[in-house]
Every structure is written in C-alpha cells, then in structure tokens.
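Worksheet for the structure shown next.
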Amino acid sequence: MIFNFKEENIDFINADFEIILIQNKNLEKYTQSQELFKISKYKGEGICIDMQNKILYSELKSLDYEDIRLAFANAYKALKKLEIQSIKTKCVVGQCVVNSFNAMIQGFTFGAYEFDKYKKEKTQGKLENILISKDEINGKTYNIEEARIGISYGQIFSNACDFAKDIVNEIPQIYTPAKMAEDATNLSKNDPKISCQIYESDFLEKEKMQAFLAVNRASIHPPKLIHLSYKPQNAKMKVVFVGKGLTYDSGGLSLKPADYMLTMKSDKSGGAAAMAIIKGASELNLDIEIHSIIGATENMIGGNAYKPDDVLISREGVSIEVRNTDAEGRLVLADCLSFAQDLKPDLIIDLATLTGACVVGLGEYTSGIMGNNEDLQNEFFKISKKSGDLATILHFNPYLKELIKSNIADISNTSSSRYGGAITAGLFLNSFIRDEYKDKWLHLDIAGPAYLEKAWGYHSFGATGAGVRMCLSYLLYLSRNKK
Ligand code: BES
Ligand code: ZN
Ligand code: ZN
C-alpha cells in the first residue's frame, strides 16, 4: 500500500473514490447523498457506498485512536471489493497528531490484511494508492511535519504487525523452528542494523538449557535459540525481549483434546512478536539497544518425549517437577529468560501465548501484564492503552505462589489449583528471574488476542500481531522520556 500525503485541498486531488467520515451520525451535512441515505435506510452507522458519486461513507464514532483505526479499516474492507486503484480522504486529528496519523495508517493496513496464500481465489483487490489530503475533517490546524512522522510511524508499526501475522498464520508443516531461524536470519540480512545468531542443540546442551531441550525431545525438528540484536551507537539503555516460539503445541504426552489443539500453530506468536518488535525498533531508528531471544521448538509426542513425573534442571539451576507436559512454554521461557539476564539488560519483557487461563480470565481481546514492579506495569499499561493492543495488569500475590510448590523439586510446572492459572504461570517465570532483575521484568501473556477464530474490530481471522504495537509504543516512550 502506498500512502501519499498531499498538502492540497481534497477537491484538487484525483482518485477513483473518496472516503467521507460521518461524525455524530450527522447526515444533513452530506447533501449530495441524502437520497441514497434514505433509500438504503442508512443512519450514519457503519458503511454506505454511493457508487454514482464514488463516495464511501464510514462512521467515525469518536476521535479516539481506536475509532480512527476502525473507521478507516471498515472503509478499506468495503472498498477492496471494488475494482478501484486509488482513494482519497481527509485526515482526522485527535488528541495527538502523530498518534492520529499512525492510527489512520494502521486502520488501512489492518483492514487490508488477509492470509490468502492457500486460496485459489484471492480477495485482495487492486486498491494500493491512498491519497491523504491535508484537510482535517473538522478544519483543525496541525503541524504538517508531525503528520508526516505519524504516517511513517504508522507504516513501521503496521509492517511490523504484518510481519508477525505472516509468521503466526503460516502452517506448522512449513513453519518449523528451522524456518523461524531462517526468517530471523533474513531479517538481519535485509536490515544491516540488525544482527542474528542462531544457536543449535549442542549449544543448548553446553548452556545446560535442559528445560528447553526436554520440550523439544519428541520433535523431529531440532530446536533453535534465536538471538537478534540491534545496537545503535548512542544507545541510552538496553531492552531484551524474550519470545515463546512454539511452532506447534500438541500438549506433548499430556496431549491436548482435538478441539484445543487446533490453532496451536499460533503458539509461536510471542516469538513472532519479538522478531517484529526489533524490526520496527530498527526502522524507527530508536536510541535503545534491543535484543530478541526466541526459543523455537515444537511440543510433540513420541517414545522420546519428556514425561509428567520428570524432573528437569533448568539453566538457572532451579529444578522443575513436570506435572503436565502441556505447560511447556514456561519451561522454554525459563531457560530463555536465564540466557536473557546474562545480557545485563535494563528491562526484560517476555511475550508468550502462555495460558488458556488468561483467555478465560480476560477474554479473547486482552493480554495480561505481570511482573513485580507496579510502577513499571502501570507505565506500560498506560502506554499500551493508546497503542491499539488491549492489556490489563494481573497482580501477583504470595498465596498463589504456594500453589506451584513441588514435593520433589524446587518448583512444579503446574499449579495445584484450577484457579488463577495465568498468574501462577507468571509466578513460575518469576522464580527464574534473579533478584537484581525482579523489578526490571514484565511478562505479557498474549494467549487471548494473538490468534482469532472469529474476526473482531479491524482484525481479520487468524493472527493479529498482538503485543507488537504496545511494545513499540513503549520503546518510543522510553526513547523520548528516559535519561
Ligand atoms: N499454548 C498453551 C496456552 C494457550 C491456550 C494459548 C489457548 C492460546 C490459547 C499452553 O502451552 C498451555 O497449554 N497451557 C496450559 C497450562 C496448563 C497445563 C497448566 C493451559 O493453559 O491449559
Ligand atoms: Zn501447552
Ligand atoms: Zn503452549
């Protein structure tokens, strides 16, 4: 998609179609389509297409960024079915110019995204050219430079999300740990500011990553530990992202029921997000050193599989009683978090489709933010709210910690209670965080929003790129506000 910001009045711009945003359901303003509104019983909600005048009306519920995203995504979804190549639109400026333009671009690109690789009939049309007039829908004046920055941020954020979505949507037959390593390598080849190191099984053995290795054991595909780094010269701090890269989670010997196994190609969403974030951060030219550590493996069954009752010695030296092989993500993350702390970061953020309990507790739209540092969680939450990624804080407490005690090892990989599973999983990870990093760590459980079986908002079916926008927004915030 090509976005062209034109410092011109909308009437002087030529395009196949125009988008007009309807605010407050105020239809009187649009005299030329009054008749059409009446015939189609349009009340100012949703979408209405005037084929004669080549206008698409889309409702803008408010100037909130999320409503800006929705208005343009809905417009694009309707327009892509038509045989048109270009559209023009006025812009919308809400609270902040940069965020508003960023949201507008996200709306278009999210509206356009579809994973149709395996379909003979593609639904994607030819609509590529988006012409944005400097005219603001309410005649608001704003700084043109900020608008241009917002458009470029929007493209970077959206491309990063598309990048993550393509990884997550790809089928498990093709998307193996080796493929994930290949994608990471290509990311570094395409961007000279990013470097990539792939570690194989022998390295994991040498590093004593027995928890990670156990999860991989029954898979015919060797595990990969992926380390991407972006090191700008003027870096003011170091942030490490850790991603759960389960290219397939069958549950292992504690096998998932058929209905629950379906969609488990999406268990690599945390890893995909960690890759997308470093890509976006480099394109934003952030003055922050960033690392992405991804533990890529499958969780399968077989004679060689790790078992409930096994005890694993993790890289941190903490012994883990395996009580359920389907709680595999925390095992992989335990060793990856250990590796990540050796990089001496100022902040560690892990992203994982970690628990079904998080989906039950928060619903399918929202991620859980966990950690020990309330100020950090609150700050992250505040930034996430504007990003389009929905998230909420889940607080730790010492009573839940009791539930992951083991009789034969230092810790159990499952809780002794059915309740509070998202937090007990977070607490499990917390026991692999060294004292000096306790307050510098955030855990994001993205199990709910990472993959959709039913489209909602401006998201289409399948992967959503959950976590990418909130983390990129937080990095931008850090870059502007710290030291
Ligand atoms: N990958 C799943 C969590 C998940 C569930 C992600 C639904 C996305 C949608 C994870 O590995 C898992 O199976 N967790 C178990 C843990 C349990 C055995 C303690 C779960 O949540 O049921
Ligand atoms: Zn699992
Ligand atoms: Zn899993």
(message) Please list, in order along the stretch 209-220, the HN-Hα scalar couplings obtained from phi with the Karplus expression 6.51 cos²θ - 1.76 cosθ + 1.60 (θ = phi - 60°), rounded to whole Hz, x for Gly and Pro.
(response) 8, 6, 5, 4, 4, 4, 4, 7, 3, 8, 8, 7
(request) Treating the angle as unsigned and between 0 and 90°, give the value, to the nearest 10°, between the Cα long axis of helix 144-169 and the longest Cα principal axis of the chain. (result) 50
(request) State, to one decimal in nm, how far the label point of Lys483 lies from the label point of Ile301, with both points 7 Å from Cα in the Cβ direction. (result) 5.1
(message) With θ taken as phi - 60° and the coefficients 6.51, -1.76 and 1.60, list the Karplus ³J(HN,Hα) couplings across the stretch 274-279 in order, rounded to whole Hz; mark glycine and proline as x.
(response) 4, 5, 5, 5, 5, 4
(message) Report the gain in length on full extension from Glu35 to Ser417: 0.36 nm times residue separation, minus Cα-Cα distance, nm rounded to one decimal.
(response) 131.3 nm
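Ranking Cys48, Cys358, Cys336 by Cβ neighbours within 10 Å, fewest first, what do you get? Intermediate values should be presented prior to the final figure.
Details: Cys48 23, Cys358 27, Cys336 31.
Ascending Cβ contact count within 10 Å gives the list Cys48, Cys358, Cys336.
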(request) Give, in nm to one decimal, the length gained when the segment between Cys96 and Asp410 is fully stretched (0.36 nm per residue of separation minus the Cα-Cα distance). (result) 108.1 nm
(message) Can you list residues from other chains, or at least 5 along the same chain, whose modelled amide H is less than 5 Å from the amide H of Thr247?
(response) Thr297, Glu298
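How large is the helix-only mean residue ellipticity at 222 nm for the chain, computed as the sum of -39500 (n - 2.57) over DSSP H runs with n ≥ 4, divided by its residue count, in deg cm²/dmol to the nearest 500? Mind showing how you got there, number by number?
Values: 15 runs with 171 residues, N = 483.
That calculation yields -11000 deg cm²/dmol at 222 nm.
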(request) Would you kindly derive the ³J(HN,Hα) couplings of the stretch 95-106 from the backbone phi angles with the Karplus curve 6.51 cos²θ - 1.76 cosθ + 1.60 (θ = phi - 60°), listing them in order in whole Hz, with x for Gly and Pro? (result) 4, 10, 4, 4, 5, 5, 5, 4, 4, 4, 5, 4
(request) For the stretch 366-483, give the magnitude of the charge dipole about the Cα centre (Cβ charges: +1 Lys/Arg, -1 Asp/Glu; no others), in debye to the nearest 20. (result) 360
(request) State, as an integer percentage, the relative contact order of the chain based on alpha-carbon contacts under 8 Å between residues 6 or more apart. (result) 14
(request) Compute the separation of the alpha-carbon centres of the stretch 171-223 and the stretch 280-346 and state it in Å as a whole number. (result) 12
(request) Report the Stokes-Einstein translational diffusion coefficient (µm² s⁻¹, integer) for the stretch 175-481, Rh taken as the Kirkwood radius over Cα pairs, at 10 °C with viscosity 1.306 mPa s. (result) 84
(request) With a cut-off of at most 12 other beta carbons within 10 Å, and DSSP calling the residue loop, which chymotrypsin sites (Phe, Trp or Tyr not before Pro) in the stretch 105-175 qualify? Please list them. (result) Tyr118
(message) Let me spell out the model: positive unit charges on the Cβ of Lys and Arg, negative unit charges on the Cβ of Asp and Glu, origin at the Cα centre of the stretch 113-199. What dipole size does that give, in debye rounded to 20?
(response) 160
(request) Determine the distance separating the Cα centre of the stretch 1-77 from the Cα centre of the stretch 446-483; give it in Å without decimals. (result) 26
(message) Need one number: nm distance between label points at Met1 and Ala178, each 7 Å from Cα along Cα→Cβ, rounded to one decimal.
(response) 3.6
(message) Can you compute the charge dipole magnitude of the stretch 175-481 about its Cα centre, using +1 on each Lys and Arg Cβ and -1 on each Asp and Glu Cβ, nothing else charged? Give it in debye, rounded to the nearest 20.
(response) 480
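Values in this text are rule-based calculations from the coordinates and carry no lab data. Bear in mind that the values here come from a model prediction, so they are computed numbers and not experimental data. Cβ coordinates were reconstructed from backbone atoms using ideal geometry, including for glycine residues, and neighbour counts include every protein chain displayed.
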